1. Once neighbouring chains are kept in place and the probe is 1.4 Å, which whole percent of the accessible area of the chain is contributed by carbon and sulfur?
2. How do LEU25, LEU10, LEU48, LEU97 stack up against each other in accessible area, from largest to smallest, with a 1.4 angstrom probe?
3. Cut-off 10 angstrom, C-alpha nodes, Gaussian network model of the chain. Which of SER88, SER65, SER27 fluctuates the most?
4. If you find the alpha carbon centre of segment 7-53 and of segment 73-108, how far apart are they in angstrom?
5. Taking only protein heavy atoms and a 1.4 Å probe, what accessible area per residue, in Å², does the chain have with all protein chains in place?
6. Among THR76, THR60, THR19, whose mean-square fluctuation peaks in a Gaussian network model of the chain (Cα, cutoff 10 Å)?
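The values are calculated or read from the model by the stated rules, or taken from the named source; none is laboratory data. Keep in mind that this is a model prediction, so the values were computed, not measured. Ligands, DNA and RNA are excluded from the accessible area calculation, which covers all protein heavy atoms including side chains. Shrake-Rupley method; radii C 1.70, N 1.55, O 1.52, S 1.80 Å.
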Amino acid sequence: MVTPKGRVLLTGANGFLATHIVAGLISQNYSIVGTVRSPAKAHAIIALHPDWEPHITWTTIADISAPHAFDAVFRTAGPFDYVIHTASPVDFSVTDLQRDMIDPAVRG
């Protein structure tokens, strides 16, 4: 087995952009820890890309805007060489875009 170039924490790893980032990281031989809001999200990505399974470890963060939401990941899965933050709340029924989507993304 080839030694990975480094460890990457990728937040929101099941998102549209993040899945392209995962593909690039795998092709460049990085070890990835991906965050998702639920185990079902991770299972769905692996179902679409089963060859990714040996390259990515999943961790669940239900609410990225909660105080200390990422603490456990850094304690248990770190250290990381890189962090790529793509997680963002997505809700197409919001009434206040700033409060419901932008602020939580910034806090995350």
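1. 60
2. LEU48, LEU97, LEU25, LEU10
3. SER27
4. Cα centres, segment 7-53 to segment 73-108: 16 Å.
5. For the chain, the per-residue accessible area is 63 Å².
6. Result: THR76 has the largest fluctuation of those listed.
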